Amino acid sequence: MADPTVTTLLFLALAAFAAGWIDAVVGGGGLIQLPALLIGLPGASPAQLLATNKFGSIFGTATSSVTYYRRVQPDLRTALPMAAVAYAGSIGGALIGLHIPKSMFNPIILVLLVVVGTYTLLKPDLGRESIRRFHGPRHTVLAMATGFVIGVYDGALGPGTGSFLVFALVGLLGYAFLQASATAKIANFATNLGALTLFAPMGLVMVKVGLVIAAANLLGGYTGARTAVAKGSGFVRAVFVLIVTAFVVKISGSLVGWWA
């Protein structure tokens, strides 16, 4: 593949910044960054695009994880076990992702996003404050099961992973949106690391592009995390609904052919 032009790199950097900001606030930045890579680098293979996307994303998730930890202090008794199994799940998912066409995932992502968005809209009090639904080992086991399943998905494809993690932490475990975003970032960092554990030794990361989007994603992640902490759970919930709606429109348009 030919080296990308300066214009292409600027386009990818802008998309990566937006993706990092959205990912830090509520998750789902991959639904911006991965399509941008597909548009900007049409000659790259799906595996290269996925690997480079993970390389850029991990810098954003690392930065937002640290920022959230300092300002929100998520419960590491939940976050660390969830991240550990998410890491393992992501490695398995990455192995799957090397052998299946990505086009078959769009209908699945669409259904999941519609369910998530509808459930959130129908429950206006959801995620306003943390009300644990489970306690002790049961809470930890459910968090780990959720982390593993979403980790497999993230390794295989990835877009929307952060949003699914946030929703699971709010809808299943009872966290407020801000606490859920903080915990989700730690798990999302682990899933990115898991996929890169497989992709990087295979030489699939396009280093020049990866470094550009990594820098932009890092800045977006830092800015987004600070914005979410300052604005609180109500702001995160509003952005969550807005982003999920936008993703539903985008993916629906892709499936019917009026939005490439």
hydroxyl-bearing (S, T, Y), farther than 24 Å from F247 by Cα, at pLDDT 75 or above and assigned to a helix (DSSP H, G or I): is that true of Y87 in this structure?
yes
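State all residues of region 141-151 that are of a type in the set (A, V, I, L, M, F, W, C) and either outside any helix (DSSP H, G or I) or surrounded by fewer than 24 Cβ atoms within 10 Å (Cβ to Cβ) (or both); if no residue qualifies, say none.
V141, L142, M144, A145, F148, V149
Could we say that R237 is more than 19 Å from G117 (Cα to Cα) and of a type in the set (D, E, K, R) here?
In short, no.
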For region 101-135, what are the residues that are modelled with pLDDT of 70 or more, farther than 22 Å from K185 by Cα and more than 19 Å from the chain's Cα centre (by Cα)?
T118, L121, L122
Right, K208: buried (at least 23 other Cβ atoms within 10 Å of the Cβ) and basic (K, R) or not?
no
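Of everything in region 174-200 that's farther than 21 Å from L34 by Cβ and either polar (S, T, N, Q) or free of Cβ contacts under 8 Å to residues at least 24 places away in the same chain (or both), which residue is surrounded by the most Cβ atoms within 10 Å (Cβ to Cβ)?
For region 174-200, the residue satisfying everything is T183.
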Given G203, G171, G160, which one is on the phi > 0 side of the Ramachandran plot and surrounded by fewer than 23 Cβ atoms within 10 Å (Cβ to Cβ)?
G203
Is it the case that A215 is surrounded by fewer than 18 Cβ atoms within 10 Å (Cβ to Cβ), over 13 Å from the mean Cα position of the chain (by Cα), under 26 Å from G43 (Cβ atoms) and modelled with pLDDT of 95 or more?
yes
Taking the criterion of being at pLDDT below 90 and surrounded by 19 or more Cβ atoms within 10 Å (Cβ to Cβ), would at least one residue in region 68-75 satisfy it?
yes
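The values are calculated or read from the model by the stated rules, or taken from the named source; none is laboratory data. Because the structure is a prediction, the values reported are computed rather than measured. In this analysis, Cβ positions are derived from the backbone assuming ideal geometry, glycine residues included, and neighbour counts consider all displayed protein chains.
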